[in-house]
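The values are calculated or read from the model by the stated rules, or taken from the named source; none is laboratory data. Bear in mind the structure is a predicted one, so any value in this text is a computation, not a measurement. Positions of Cβ are backbone-derived with ideal geometry, glycine not excepted, and every protein chain shown enters the neighbour counts. The area values use the complete protein model at the heavy-atom level, side chains included, leaving out ligands, DNA and RNA. Shrake-Rupley method; radii C 1.70, N 1.55, O 1.52, S 1.80 Å.
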Amino acid sequence: IHSGEKPFTSKICQKRYTLQGELTRHMRTHSGEKPYTCKICEKGFARQKHFTKLMRTHSGETPYTCKICGKGFTLKGNLTKHVIIHSGLKPFTCVICKKGFSQQAALIRHIRNHTRVRHYTCNICKKGFSEQSNLIVHMRIHSGEKPYTRKICEKGFTRQSNLTTHIRVLHGSVSAKV
């Protein structure tokens, strides 16, 4: 492993890996195999970590919590990216207006505001969105769907972040049982 040797090779694309498990995961991209399937929504995944993330979305579990603001995250990497917000550093700058951002994803979303491109349109009210995820959340207004529910008080939310805020403000803890 430490020698840099990659003895495991894909017979389809010749990509090389250090570990057999890495090759096994990679081969699923060729076969389309998705051995991890959610019993709630029936969505399948090739990688266990993506399946685990979905299950945390269904349960509302956020095991990684920011020590500064209490915001919870389903993945450790997302917490790591979030903590930069509190540092005051803004290494990502808009080339159009020079506004700075602590996260690259925020800069990308911001740039879409300059272009005003709205590729995603609500088929009910015709409101346009630059990101598909925002359209999906918007559609919950029309459907009444609230997939994020606090089991203790049975209050439902259209967004995970709203559930997390509710738990923190009204129940005093993000890590408390959903």
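Tabulated data
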{"read-out": "Close pairs (8 angstrom Cβ cut-off, 6 or more residues apart or separate chains): farther than 16 Å from T74 by Cβ in region 144-167, of a type in the set (S, T, N, Q) anywhere", "value": "E145/T158; K146/T158; K155/T149; G156/T149"}
{"read-out": "Filter result (open to solvent by 30 Å² or more (accessible area, probe 1.4 Å), among the small types (G, A, S) and part of a loop (DSSP other than H, G, I, E, B)) within region 86-141", "value": "G88"}
{"read-out": "Output for region 21-50, where each listed residue is under 19 Å from T74 (Cβ atoms) and either in contact with a His (Cβ under 9 Å, 6 or more places away or on another chain) or open to solvent by less than 70 Å² (accessible area, probe 1.4 Å) (or both)", "value": "Y36, C38, I40, C41, G44, F45, A46"}
{"read-out": "Exclusive hit being open to solvent by less than 60 Å² (accessible area, probe 1.4 Å) and assigned to a loop (DSSP other than H, G, I, E, B), set G70, G77", "value": "G70"}
